[in-house]
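Just below is one structure, and these are the notes that go with it.
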């Protein structure tokens, strides 16, 4: 069995640079009207993720097959007129050759890092509402923390905190590190265990590299919603930031999140003041081709705003399907909602016309 797994990996490694799964789906978008038809070309969980965030219910799969990447340009050119969009996640080296037909370019993941080199008061100024509420809950429930290098704590964290939390959050689509993969980081790092009295209720797996504290994974005891409601999960962030500041680290690396601006993990890290960066370890690029400008395309990015790469740096691509001209109040509301250090502003895609309105962020 192990031999077969290794063989499949070898075959995939040889073919993935040339072949991709192509899935043509149709469904009703959240808040949309009429069918939205999209071609997804990828070998990841991107379609599964978007099926939940974009569509009212899982879209119908019209057709699925494997295609040669070199034929993608022809496939897009020959797409039917009622196809709205194509999203293609292509390996490095294939991002050229589409310049005349591509509309937007992104990565599947972004990197989020919190700078804690400034005084505490400046750091806390970047906190949003939820981190401030977390500090109130820490005081209310008298939560504390301890640092552990004990293997029994690691086993408690992995089996009773990390696995239950991620499985409750992501269900069957959850990606989980193996015990051995996480133990390698534990062996060179430590656990921060959040305590409710004498009871451990949550924890974070961390390790240090130079002046950067790397916060790799979080867990909550049994994935219990009551612990989360009482601040156990968010307290891990607060205590790791505090511990890192007290021990003279300059940054807290919160690692990667999906590049969608409304993704829950991305939002959590952004609310703690983390800046958004390019994923330097990416082995693929996301190419977005708009085949038919419509209200539904704007609606797609209204519910799935995305970090895109432009000549001006990273920007947020946001759909706007509201009535009439975008007002100053709307602009301010969008800026407040999506501002993040590392993003230069927003690109707003309007219905039908396909015009893009650029909304720069004031760096504050």
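Does residue 25 fit the bill of being modelled with pLDDT of 95 or more and either more than 20 Å from residue 262 (Cα to Cα) or more than 21 Å from the chain's Cα centre (by Cα) (or both)? Even if it seems obvious, please write down each step before you answer.
Numbers: modelled with pLDDT of 95 or more: yes; either more than 20 Å from residue 262 (Cα to Cα) or more than 21 Å from the chain's Cα centre (by Cα) (or both): yes.
Here the answer is yes, as residue 25 does meet what is asked.
Does at least one position in the range 224-246 carry a residue that is under 20 Å from the mean Cα position of the chain (by Cα), in a strand (DSSP E or B) and touching a residue at least 40 places away in the same chain (Cβ under 8 Å)?
Within the range 224-246 (the criterion being under 20 Å from the mean Cα position of the chain (by Cα), in a strand (DSSP E or B) and touching a residue at least 40 places away in the same chain (Cβ under 8 Å)), the answer is no, since none of the residues qualifies.
With the range 259-364 as the region, which helices (runs of 4 or more DSSP H) entirely inside it contain at least 3 residues that are out of contact with any helix residue (DSSP H, G or I) (no Cβ under 6 Å at 6 or more places or on another chain) and within 29 Å of residue 133 (Cα to Cα)?
264-271, 328-338
Could you grab the pairs with beta carbons closer than 8 Å, sequence gap of 6+ or different chains, first residue in the range 288-303 and more than 25 Å from residue 97 (Cβ to Cβ), second one in a helix (DSSP H, G or I) and modelled with pLDDT of 90 or more?
Partner pairs satisfying both residue conditions: 303/53.
Would you please name the residue that is modelled with the highest pLDDT, looking only at residues in the range 259-275 that are in contact with a strand residue (DSSP E or B) (Cβ under 8 Å, 6 or more places away or on another chain) and surrounded by fewer than 22 Cβ atoms within 10 Å (Cβ to Cβ)?
275
Select from the range 215-234 the residues that are crowded, with 20+ Cβ neighbours inside 10 Å and under 15 Å from residue 269 (Cβ atoms) and list them in ascending order.
Within the range 215-234, 215, 217, 218, 233, 234 qualify.
Just the residues that are in a helix (DSSP H, G or I) and either at positive phi or within 21 Å of the chain's Cα centre (by Cα) (or both), please, taken from the range 79-132. Explain how you work it out, then say what you get.
Here is the first cut: in the range 79-132, the residues in a helix (DSSP H, G or I) are 120-125, 129-132.
Across the range 79-132, the qualifying residues are 129, 130, 131.
Being in contact with a strand residue (DSSP E or B) (Cβ under 8 Å, 6 or more places away or on another chain) and over 30 Å from residue 210 (Cβ atoms) is true for just one of 114, 143, 92, 163. Which residue is that?
Every option except 163 fails the conditions.
Taking the condition exposed (fewer than 12 other Cβ atoms within 10 Å of the Cβ) and out of contact with any helix residue (DSSP H, G or I) (no Cβ under 7 Å at 6 or more places or on another chain), does residue 148 pass?
no
From 176, 134, grab the single residue that is without any contact (Cβ under 8 Å) to a residue 24 or more places away in the chain and either buried (at least 18 other Cβ atoms within 10 Å of the Cβ) or under 21 Å from residue 257 (Cβ atoms) (or both).
None of the other options fit; the residue is 176.
As an exercise: evaluate residue 126 against (1) without any contact (Cβ under 8 Å) to a residue 40 or more places away in the chain; (2) out of contact with any helix residue (DSSP H, G or I) (no Cβ under 9 Å at 6 or more places or on another chain); (3) assigned by TED's automatic domain parsing to the domain that holds residue 194 and give the number of the one condition it does not meet.
(1) is the only condition that residue 126 fails.
Are any of the residues in the range 38-49 more than 23 Å from residue 101 (Cα to Cα), assigned to a helix (DSSP H, G or I) and under 21 Å from the mean Cα position of the chain (by Cα)?
yes
The values are calculated or read from the model by the stated rules, or taken from the named source; none is laboratory data. Keep in mind the model is a prediction, meaning the values are calculated, not measured. Backbone-built Cβ (ideal geometry, glycine too); neighbour counts: all protein chains shown.
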